[in-house]
1. How large is the direction-averaged shadow of the alpha-carbon convex hull of the chain, in nm²?
2. Between ILE129 and GLU179, what length comes free when the chain is fully extended (0.36 nm per residue of separation minus the Cα-Cα distance, one decimal in nm)?
3. Tell me which residues come under 5 Å, amide H to amide H, from ASP69 once H is placed; ignore anything under 5 positions away on its chain.
4. When you count, for each residue, the other Cβ atoms within 10 Å and take the mean per peptide, how do 47-57, 108-118, 179-189 rank with the highest first?
5. To make sure I understand the rule: partners must be lysines, Cα under 16 Å from the Cα of LYS135, and not fewer than 8 residues away in the same chain. Which ones qualify?
6. For every other residue with a beta carbon closer than 14 angstrom to the beta carbon of ILE161, add +1 if it is Lys or Arg and -1 if Asp or Glu, then tell me the sum.
7. With only alpha-carbon pairs counted, each pair once and no self-pairs, how large is the Kirkwood hydrodynamic radius of region 108-183 in angstroms?
8. Only helical DSSP H runs with n ≥ 4 go in: add -39500 (n - 2.57) per run for the chain, normalise by residue count and round the 222 nm mean residue ellipticity to 500 deg cm²/dmol.
Amino acid sequence: MERKNHIILKTDKELKILMSPVRQKIIKIMSREGRPVTSKYIADKLNISPSSAQHHIKQLEQVGIIEFDHNEVINGITARYLRLSDKTVSIGQDLNDDLSPERDVLARSILNEAYKGYNELITSKREFISEEYRKGNKMVDQLTGVVHLTVDEANKLFSIIDDFIKEHSRASDNTNPFEYALIAYRADLNNNDRQG
């Protein structure tokens, strides 16, 4: 079922657009920034040429991940500002087709990058994080476990999380970017979970 607020990457071309490490970095930069940015801003952050940044941005615009936000005239030059779309991007892990291996590689890459950032922060700032935690300020957290849900409850949980994330995707005063990676699956359907 297609939902209008979702982008499902179904084709090899669409997946390859997102599989590019440069494009994944562009998405991460824009997510962390939480406000519209220019292609020059992206180029400067990635230390690439403006034309290269524009090429990668156009690819992400083709699949609807990045959208035009507004123009501003700065010192007589019109700057084009872009933002991430408000749509949820799915790599189509639930599709049963010939692209499943590519989707698995992409999913692993996305999850590994999130864990890598988490681990680097824990390793480099452990003392600071511990001090903030004692003050009641969470800087990092990891939750794992099992919840028991009906299908309706699982759908409701996914909807609550999706709505909360969308509501907080833009930066505002006194907010900080928190990177996340959430995985949820029906554990009882996993053949590797044999009891006994």
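Rule-based calculations on the coordinates, nothing more; no lab input. None of the values given here were measured: they were computed from a predicted structure. In this analysis, Cβ positions are derived from the backbone assuming ideal geometry, glycine residues included, and neighbour counts consider all displayed protein chains.
1. 15.3 nm²
2. Gain on stretching ILE129 to GLU179: 16.5 nm.
3. Amide H to amide H, under 5 Å and 5 or more residues apart or across chains, ASP69 pairs with TYR81, LEU82, ARG83.
4. Details: 47-57: 15.0, 108-118: 13.4, 179-189: 9.8.
Order by mean packing, descending: 47-57, 108-118, 179-189.
5. Within the straight-line cut-off, LYS135 pairs with LYS125.
6. On the way: positive: LYS156, LYS166; negative: GLU153, ASP162, ASP163, GLU167.
Once positives and negatives cancel, what remains is -2.
7. Final number for the Kirkwood radius of region 108-183 is 14.9 Å.
8. Counting only the DSSP helices, I get -16000 deg cm²/dmol.
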